[in-house]
Amino acid sequence: MGSSGVQIVCVSLGILGLVGTIVCCAIPRWKVTAFTGQSIVIAQSVEEGLWMNCVVQSTGQQQCKKYDSLLMLSADLQAARGMVIISCMLCSLCLLVLFAGADFTTCVESESAKAKISLVAGIGLILGGLLVIIPVSWSAHNTVQDFNNPLVVASQKRELGACIFVGWAAGALLVLAGGLLCCFSRVKAGGSPGAAKYYSNGAAAAPSKNYV
């Protein structure tokens, strides 16, 4: 089983990844307006997220509006909604499970059970990281593709927002934490540790024998 120090590092990485995933879910910075016009002065910029789009004026004022319908979103953002929410729930559950089965807690006494719990938590964190990386990469691909498409109107072109990069970082942290847990939480075969039985040696009874 992995040491408590490695598990503490994995918990820290998992918490950072979970915070980054929540930021991606809440902040409307997935796609931002690209500067494609000939005018240097831009009166306003548009920011799109999973739940709303915002218009930021050059004076600093910001107005946000929730999407009237789910069908107004593109396919990548529709899938991102479900994947990111599932990732947040899965990572939260895995972190709670990891706390219960970690070496630095006493919730579980059996060492073999702790190893299994940590292994399950590691697999869950890896899945949670992939659930963030996949929609973020999909959205980034569509944004770049539309930006380079000459058939798309200039006013409809977007650039990569800050949430794309935060999502990549959060997913990488979650996958790293889960990978470390899987590497250091291998269950030993051949019975549970600490259950070794000791048998009396036949030589111990030798002094009781009479020799001629």
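Restricting region 184-193 to residues that are under 30 Å from the mean Cα position of the chain (by Cα) and surrounded by 12 or more Cβ atoms within 10 Å (Cβ to Cβ), the residue that is modelled with the highest pLDDT is PHE184.
If you scan region 76-92, which residues turn out to be of a type in the set (Gly, Ala, Ser) and farther than 11 Å from GLY129 by Cα? Spell out how you get there, then give the answer.
Taking region 76-92 as the starting set, the residues that turn out to be of a type in the set (Gly, Ala, Ser) are 79-80, 82, 87, 92.
If the condition is that a residue be of a type in the set (Gly, Ala, Ser) and farther than 11 Å from GLY129 by Cα, then ALA79, ALA80, GLY82, SER92 are the ones that fit.
Rundown of residues vs (1) under 18 Å from ARG158 (Cα atoms); (2) among the polar types (S, T, N, Q); (3) touching a His at 6+ places or on another chain (Cβ under 8 Å); (4) in a helix (DSSP H, G or I), yes/no style:
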site: CYS54; (1), (2), (3), (4): yes, no, no, no
site: THR59; (1), (2), (3), (4): no, yes, no, no
site: LEU71; (1), (2), (3), (4): no, no, no, yes
site: ALA79; (1), (2), (3), (4): no, no, no, yes
site: ILE85; (1), (2), (3), (4): no, no, no, yes
site: MET89; (1), (2), (3), (4): no, no, no, yes
site: CYS94; (1), (2), (3), (4): no, no, no, yes
site: THR105; (1), (2), (3), (4): no, yes, no, no
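Scanning region 65-100 for residues that are in contact (Cβ under 8 Å) with a residue 24 or more places away in the chain and open to solvent by 70 Å² or more (accessible area, probe 1.4 Å) yields ILE86, LEU93, PHE99. Scanning region 101-159 for residues that are open to solvent by 10 Å² or more (accessible area, probe 1.4 Å), out of contact with any Asp or Glu (no Cβ under 8 Å at 6 or more places or on another chain) and either charged (D, E, K, R) or under 18 Å from LEU16 (Cβ atoms) (or both) returns ASP103, GLU109, GLU111, LYS116, ILE126, LEU127, LEU130, LEU131, ILE133, ASP146, GLU159. LEU174 passes every criterion in (1) closer than 25 Å to ILE8 by Cα; (2) touching a Lys or Arg at 6+ places or on another chain (Cβ under 7 Å); (3) surrounded by 19 or more Cβ atoms within 10 Å (Cβ to Cβ) apart from (2). Close contacts from region 130-145, counting a first residue that is at positive phi and a second that is surrounded by 23 or more Cβ atoms within 10 Å (Cβ to Cβ) and small (Gly, Ala, Ser), with Cβ to Cβ under 8 Å and a gap of 6+ residues or different chains, come to none at all.
The values are calculated or read from the model by the stated rules, or taken from the named source; none is laboratory data. This one's a predicted model, so the numbers in the text were calculated from it and none came from an experiment. Methodologically, a virtual Cβ is constructed for each residue, glycine included, from the backbone with ideal geometry; neighbour enumeration extends over all protein chains shown. Heavy atoms of the whole protein, side chains included, go into the accessibility calculation; ligands, DNA and RNA do not. Shrake-Rupley method; radii C 1.70, N 1.55, O 1.52, S 1.80 Å.
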